[in-house]
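S.K.: First, the structure itself, so that you have it in front of you.
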Amino acid sequence: MASLAEFLDNAKGRYTLEYALPERRNAAKRPYRFDVEILLPLVEGTMCLEWGPRSVEGRVVLLERPRKTQRDEGRRTGEFVFTVQGSSEVSLDIEVSFTNGWGDVMTSVLEFVSPHESDDLRRHLARLLVRADEQVESAGALCDRLAEAEEPAGLLAHSEALWAHARLLLLIGRDEAAAGRAAEGAAQAARSGLPAGERMARSGEVLASALRWSGRTDAAERVGRILPVRPPAEGEPGRRDPA
């Protein structure tokens, strides 16, 4: 569970992201600085502009690329959909293969042979998406191992694993399955009669917000009813109300 939590809550970082501001007609693409916390499948934080910081909320998801040629068979891509305070929604493709032109290839070679790691947010999200299927499988196996638990602590552990699995399913675009896992986890937590610990509560908050992003409000509300009520910590990015 600890390794899954480490993957899902990818900590805070400062990145650059190149795109054109949607509210500016004919605006050219340029790199902007983002200070974000990656809480898969969500990305939250601030975007730094000349006139001050603006809040950012987004979701990243791994998609199947529609097959165009035999060469494209099995090729996958990601999508980062986000909003910046006061602007319209932005959707950006994420190239998961790391071979999108010579610049991408050379950056990949440099990252392989040295400690250097690009601060490009899309590349960082792509590195996470590459591991997504493996993590989904690990979380599913953990849920299976805990499924026979009957004692309160075991039920709560099973619930936490189910919520982690739900977040990973959202990461790969399986929203309906994620909603089912989230509701199952909420039921197991209620059966345990124990309060969610700090790590589990944090995961539940992210899960509830992510479910709302995907329109699964019923599952989000079921998760929210299990969570302890607490004010956000100082400096913590604002979140949608999970309940």
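The values are calculated or read from the model by the stated rules, or taken from the named source; none is laboratory data. Quantities reported herein were computed from a predicted structural model and do not represent experimental measurements. Here Cβ is always computed from backbone atoms with ideal geometry, including for glycine, and neighbour counts include all displayed protein chains. The area values use the complete protein model at the heavy-atom level, side chains included, leaving out ligands, DNA and RNA. Shrake-Rupley method; radii C 1.70, N 1.55, O 1.52, S 1.80 Å.
S.K.: Determine the pairs where a residue that is over 24 Å from residue 11 (Cβ atoms) and without any contact (Cβ under 8 Å) to a residue 40 or more places away in the chain, located within the stretch 27-53, has a partner that is open to solvent by less than 50 Å² (accessible area, probe 1.4 Å) and not acidic (Asp, Glu) with Cβ atoms under 6 Å apart, the partner being 6 or more residues away or on another chain.
M.R.: These pairs meet every condition: 27/20; 27/21; 29/19; 29/20.
S.K.: Return the residues of the stretch 132-165 that are of a type in the set (A, V, I, L, M, F, W, C) and in contact with a Cys (Cβ under 9 Å, 6 or more places away or on another chain); say none if nothing qualifies.
M.R.: Result: 161, 162, 164.
S.K.: May I pose another question? Free of Cβ contacts under 8 Å to residues at least 24 places away in the same chain and open to solvent by less than 40 Å² (accessible area, probe 1.4 Å): is that true of residue 149 in this structure?
M.R.: When the stated conditions are applied, residue 149 passes them.
S.K.: Next question. Restricting the search to the stretch 189-212, which residues are open to solvent by 60 Å² or more (accessible area, probe 1.4 Å) and within 17 Å of residue 9 (Cβ to Cβ)?
M.R.: 198, 199, 202
S.K.: Please count how many residues of the stretch 1-26 are more than 18 Å from residue 81 (Cα to Cα), free of Cβ contacts under 8 Å to residues at least 60 places away in the same chain and not charged (D, E, K, R).
M.R.: 3
S.K.: What pairs come up if the first residue lies in the stretch 152-177 and is closer than 12 Å to residue 1 by Cβ, the second is open to solvent by 30 Å² or more (accessible area, probe 1.4 Å), and their beta carbons are under 6 Å apart, counting only those six or more places apart or on different chains?
M.R.: Final answer for the pair search is 156/194; 157/146; 158/146; 161/146; 162/181; 162/184; 165/181.
S.K.: Restricting attention to the stretch 6-43, which residues are touching a Leu at 6+ places or on another chain (Cβ under 8 Å), hydrophobic (A, V, I, L, M, F, W, C) and open to solvent by less than 20 Å² (accessible area, probe 1.4 Å)?
M.R.: 7, 8, 17, 34, 36, 38, 39, 40, 43
S.K.: Given the conditions (1) within 16 Å of the chain's Cα centre (by Cα); (2) within 24 Å of residue 91 (Cα to Cα); (3) crowded, with 16+ Cβ neighbours inside 10 Å, and given that residue 130 satisfies all but one, which numbered condition is not satisfied?
M.R.: If we test residue 130 against (1) within 16 Å of the chain's Cα centre (by Cα); (2) within 24 Å of residue 91 (Cα to Cα); (3) crowded, with 16+ Cβ neighbours inside 10 Å, just (3) comes out false.
S.K.: Does any residue of the stretch 44-56 turn out to be more than 19 Å from residue 86 (Cα to Cα), open to solvent by less than 50 Å² (accessible area, probe 1.4 Å) and of a type outside the set (Gly, Ala, Ser)?
M.R.: So far as the stretch 44-56 goes, no, none of its residues is more than 19 Å from residue 86 (Cα to Cα), open to solvent by less than 50 Å² (accessible area, probe 1.4 Å) and of a type outside the set (Gly, Ala, Ser).
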